[in-house]
Amino acid sequence: MQLLAYETVWNRFDNNMQLIDSHCHLDDERFDIDRDAVLERAQHAGIDHFVVPAVAASGWSRLKVLAERYPNIHPAYGLHPWFCEQHSPEDLILLPQYLQHAKAVGECGLDAMCKHVSMDDQLYWFRAQLTLAADYNLPLIIHAVKSIDLVLRALKEFPGLKGVVHSFYGSQQQADAVIAQGFYLGIGSAVTHAKNSRFRNMIATLPLEVLMLETDAPDQPSASHRGARNEPAFLLETLHAVATLQDISADEVASTCYANARRLFRI
């Protein structure tokens, strides 16, 4: 049964634990058929809050309606680098209206693997959102694929901004640079895959105070759910992996990462 892996993990832990999925896309149409059941499974696993970033203007109203229906879904609104060709100047005029009711700006950032959009175009939209984050005193949810150095260079133009580099999968040097910038590292399912030994070894040494746990559901499933739709309940496997690698209790990981997410997103 698909949920057996996370339920096995859950049974090892204190069922009074609280967790926040700091990055998931519950507004995705792949959840339309069973969203209530997905949320029920997550809450059974101790996950009581969900930070959900929209990625293009076409999805902002949909997420707003969803957040109004489910009080524990906390929305962020942004313009993702994958969809630069869809973005328009009018989006930057409309975005502030949504940011008045948001927990963060994003998902935004840079992606060097996104070959159909130039880095100059990506930087235009990214810098515009950095400006809005500063104007509205909101944290950022940053997508950075093979572009962390460029992201950090852009952030230095806006001192004082806070946020998280989501689904972080960089080097120790890059992790140190992100932390020095005052940003958190969003740790996702990559840590559950044994083949990622270099990354797992690094996670073993990072201070919990700079980490947040995420699924990026419905994408990036954990090791035991490879090929399946990801969902927030599977966050327990990421939690277990971090606790095992750091040789500490899952309760300690959960409580610290929970506090980190609540602090950054003001939940």
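The values are calculated or read from the model by the stated rules, or taken from the named source; none is laboratory data. The structure presented is a predicted model; accordingly, all values stated were derived computationally and were not measured. A quick note on method: Cβ atoms are made from the backbone with ideal geometry, for glycine too, and the neighbour counts reach across all protein chains shown.
The table for this structure:
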item	result
Residue pairs meeting the criteria (Cβ under 7 Å; at least 6 apart or on separate chains; first modelled with pLDDT of 95 or more, in the stretch 52-77; second in a helix (DSSP H, G or I) and aromatic (Phe, Trp, Tyr))	Ala54/Trp60; Val55/Phe83; Ala56/Phe83; Trp60/Tyr98; Lys64/Tyr98; His74/Phe265; Tyr77/Trp60; Tyr77/Tyr98
Verdict on Ala37 being in a helix (DSSP H, G or I), at pLDDT 95 or above and surrounded by 18 or more Cβ atoms within 10 Å (Cβ to Cβ)	no
Among (1) touching a residue at least 40 places away in the same chain (Cβ under 8 Å); (2) surrounded by fewer than 19 Cβ atoms within 10 Å (Cβ to Cβ); (3) not hydrophobic (A, V, I, L, M, F, W, C) - the single one Glu107 does not satisfy	(2)
Output for the stretch 129-146, where each listed residue is surrounded by fewer than 18 Cβ atoms within 10 Å (Cβ to Cβ) and within 17 Å of Ala76 (Cα to Cα)	Thr131, Ala134, Asp135, Tyr136, Asn137
The stretch 70-100, subset part of a loop (DSSP other than H, G, I, E, B) and of a type in the set (A, V, I, L, M, F, W, C), residue surrounded by the most Cβ atoms within 10 Å (Cβ to Cβ)	Leu79
From the options Thr192, Thr215, residue that is polar (S, T, N, Q) and within 11 Å of the chain's Cα centre (by Cα)	Thr215
Only one of Gln122, Gln129 that is within 20 Å of the chain's Cα centre (by Cα), modelled with pLDDT of 95 or more and farther than 27 Å from Arg262 by Cα	Gln122
Selection status of Ala194, farther than 18 Å from Gly106 by Cβ, at pLDDT 95 or above and in contact with a Leu (Cβ under 9 Å, 6 or more places away or on another chain)	no
Which listed residue, of Lys156, Lys162, is more than 22 Å from His225 (Cα to Cα), basic (Lys, Arg), in contact (Cβ under 8 Å) with a residue 40 or more places away in the chain and out of contact with any Cys (no Cβ under 9 Å at 6 or more places or on another chain)	Lys162
Residue tally, condition under 11 Å from Pro81 (Cβ atoms), aliphatic (A, V, I, L, M) and part of a helix (DSSP H, G or I), over the stretch 127-149	0
Some residue of the stretch 20-30 being closer than 19 Å to Asn230 by Cβ, in a helix (DSSP H, G or I), in contact with an Asp or Glu (Cβ under 8 Å, 6 or more places away or on another chain) and not basic (Lys, Arg)	no
Cross-chain or 6+ apart pairs with Cβ under 6 Å, the stretch 240-265 first and within 22 Å of Phe199 (Cα to Cα), then of a type in the set (A, V, I, L, M, F, W, C) and exposed (fewer than 15 other Cβ atoms within 10 Å of the Cβ)	Leu245/Ala204; Gln246/Ala204
